[in-house]
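Worksheet: one structure, shown below.
The values are calculated or read from the model by the stated rules, or taken from the named source; none is laboratory data. Note that the coordinates shown come from a computational prediction; the quantities given were computed from them, not determined experimentally. Here Cβ is always computed from backbone atoms with ideal geometry, including for glycine, and neighbour counts include all displayed protein chains.
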Amino acid sequence: MARITASVYTSHVPAIGAALDLGKTGEDYWQPVFAGYDFGKQWIAEQKPDVVFLVYNDHATAFSLDLIPTFALGTGSEFKPADEGWGPRPVPTVYGHPELAAHIAQSVIQDDFDLTLVNKMDVDHGLTVPLSLMFGQPEAWPCQVIPFAVNVVQYPVPSGRRCFQIGQAIRRAVESFDEDLNVQIWGTGGMSHQLQGARAGLINREWDNRFLDRLIDDPAGLSQLPHIDYVREAGSEGIELVMWLIARGAMVDIAGGPKPVLRKRFYHVPASNTAVGHLILENP
Amino acid sequence: MALDKPYQDIPGTIIFDAEQSRKGYWLNQFCMSLMSSENRARFKADERAYLDAWPMSEEQKQAVLARDLNWCMRTGGNIYFLAKIGATDGKSFQQMAGSMTGMTEDEYRAMMLAGGRSADGNRRLGEDGDAQPQHQPQGAAGKKGNA
């Protein structure tokens, strides 16, 4: 039986990808950011997940204004790193897990969540930067990855409550897959940042840390937070944090199981315009 | 009946909702075209001619030519789409975001290194934070304006 063994949470700032790709990780500015992921790299080398279910958002890359799916599940067998305007990141092609993805589609849609299924799309920094942070710069990614793209670009985006619920449906789907698979679920984006207007550069260290506290200990309560609180307190792009609730909803404690074990908590300001947050929670 | 939009009282912030998206449809789709290197080269060779091939408003074209991202956003642009113009110009997200504040690149970078912009005074219009309309533009540009 497949099982979700852990959840990982991380920001996916594009400048982090650029710093890695351009060999700047040792610079004073970047060193503290990457140091925050040293533990995670070591941890994941021991965990050896077979599949990462990676929740992220597309940043006007695969989805233009032609098509704006709220929840898009990548059911294809491979996904190429996108050219976002700077040329594609020099990272390996992402290989999916079409059998598990098809099973998740079947289960989650019958569980009343109306997903969009995507067999062909390129993946942008939202997906590849977390892979780089956790796996470094390998020739090939060491596991299969199922992309799950959430619309957080055009309002209204899905509510935290809806994200938390869909995470629970994803857990049920994974656990009903017959093959023995070690699956991790990652929630990415955030933390506080605003990339637009006179309020650009907003960072809210206190709010972010409160968000981390509640994600760990009170996710159901946190999921009730309205959009406006994210925007007002964590900036217009801080709304990406609703995606962390999908990963958190997939942990066993939400279904009455034991509490997760906190393996890593990290917070740093700034990476470019953004506060970087990172958590690792393991199911016991 | 008008829809509830509780996000309209936040200073210095335009929320990209379905209404903005409708206004900015062609502007944003033009931006998407810059994701191919061939189109980036064609745009750089003759910006006006390239823009004229799109059914954008004249104001949207002027905003793009001026590289005024705040103006682009008022006409329906979204930052993730507009970022393709910045990428074409070789600008980072930090340079793009900073350009919308009136601060110089160094000033904006220093603000971020010092922990970023505080939410205090910037949660609602009518407060007195640095992102409020009465304090624009910020940085050296703002100081000149006040002198």
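Of the helices (runs of 4 or more DSSP H) lying entirely inside the range A:1-66, those carrying at least 1 residues that are within 17 Å of A:Ala82 (Cα to Cα) and either over 15 Å from the mean Cα position of the chain (by Cα) or without any contact (Cβ under 8 Å) to a residue 24 or more places away in the chain (or both) are A:14-21. When A:Gly221 is tested against the conditions (1) more than 14 Å from chain B (Cβ to nearest Cβ); (2) touching a residue at least 12 places away in the same chain (Cβ under 8 Å), the lone failure is (2). Taking the numbered list (1) part of a helix (DSSP H, G or I); (2) buried (at least 17 other Cβ atoms within 10 Å of the Cβ) in turn, A:Asp83 passes all entries but (1). When the test is whether a residue is at negative phi, within 14 Å of chain B (Cβ to nearest Cβ) and buried (at least 16 other Cβ atoms within 10 Å of the Cβ), A:Glu282 does not pass it.
Which residues, counting only those in the range B:19-35, are facing another protein chain (nearest Cβ under 7 Å) and either at pLDDT below 95 or in contact with a helix residue (DSSP H, G or I) (Cβ under 7 Å, 6 or more places away or on another chain) (or both)?
The initial filter retains those residues of the range B:19-35 that are facing another protein chain (nearest Cβ under 7 Å), namely B:21, B:25, B:28-29, B:32, B:34-35.
Once the filter is applied, which keeps residues that are facing another protein chain (nearest Cβ under 7 Å) and either at pLDDT below 95 or in contact with a helix residue (DSSP H, G or I) (Cβ under 7 Å, 6 or more places away or on another chain) (or both), the range B:19-35 yields B:Asn28, B:Met32, B:Leu34, B:Met35.
For A:Arg172, the stated conditions hold: it is of a type in the set (Lys, Arg) and touching a residue at least 40 places away in the same chain (Cβ under 8 Å).
Residues in the range B:92-135 that are touching a residue at least 24 places away in the same chain (Cβ under 8 Å), facing chain A (nearest Cβ under 8 Å) and buried (at least 22 other Cβ atoms within 10 Å of the Cβ): B:Met96, B:Met100, B:Thr101, B:Tyr108, B:Asn122, B:Ala131.
I'd like the residue in the range A:83-108 that is within 14 Å of chain B (Cβ to nearest Cβ) and touching a strand residue (DSSP E or B) at 6+ places or on another chain (Cβ under 6 Å) and, out of all such residues, is nearest to A:Asp21 (Cα to Cα).
Applying the filter and picking the extreme gives A:Arg89.
Within the range B:81-91, does at least one residue satisfy the condition of being over 14 Å from B:Tyr25 (Cα atoms) and more than 9 Å from chain A (Cβ to nearest Cβ)? Looking for residues that are over 14 Å from B:Tyr25 (Cα atoms) and more than 9 Å from chain A (Cβ to nearest Cβ), one finds at least one in the range B:81-91, hence yes.
Taking the range A:182-204 as the range and being at the interface with chain B (Cβ under 10 Å from one of its Cβ atoms) and out of contact with any strand residue (DSSP E or B) (no Cβ under 6 Å at 6 or more places or on another chain) as the test, the residues that pass are A:Leu195, A:Gln196, A:Gly197, A:Ala198, A:Arg199, A:Ala200, A:Asn204.
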